[in-house]
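This report refers to the structure that appears directly beneath it.
Just so you know, all these numbers are worked out from the coordinates, no wet-lab data involved. Source: prediction; values computed, not measured. All Cβ positions, even for glycine, are placed from backbone atoms using ideal geometry, and neighbour counts span all protein chains on display.
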Amino acid sequence: MRFLIAIIFSIFSLNSIAEEVIFEGMPVTRITINEGKSNKAILTLAQKIENKVKIVKEGDKYYWASRNMLELVPINSGLYVTYVAVTGAGYIRTLPLLRALVPYTDSKLSCENSLDNLLYFEHIVYQMGSITYYGC
């Protein structure tokens, strides 16, 4: 009986590890580089929503929630925090002090169509090229 209670308790304990949102951002522009060619695009609202970035923390580990929950390693450097994917698939560089001043909300795109208030960039290695999103 005690064994059964211990198993039930451990199952509920594992489920109680909360996912903490560390960073969310909405991209404004995308730069694609592939085979020596580059393309810069200002994103539509639908593209911005589709390509939102989200970083979460579960326990002591960080994850790129918007990219299939890839595990990330945070690196603090002055004003910036860079979250590097352990697979080498890319990274996100954030400005957390400025994020505290300009909170992210889905309903308010605080830097819509503006490149003056960028708070992050997300760099993704894609085939033999890369995709970089800049946003707030």
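Just to verify a number: FRET efficiency for residue 73 and residue 40, C-beta to C-beta distance, R0 = 25 Å, to 0.05?
For R0 = 25 Å, the calculated efficiency reads 0.30.
Taking the alpha-carbon distance from residue 37 and a cut-off under 26 Å, which lysines remain once sequence neighbours fewer than 8 residues away in the same chain are dropped?
Leaving aside lysines fewer than 8 places away in the same chain, those within reach of residue 37 are 48, 52.
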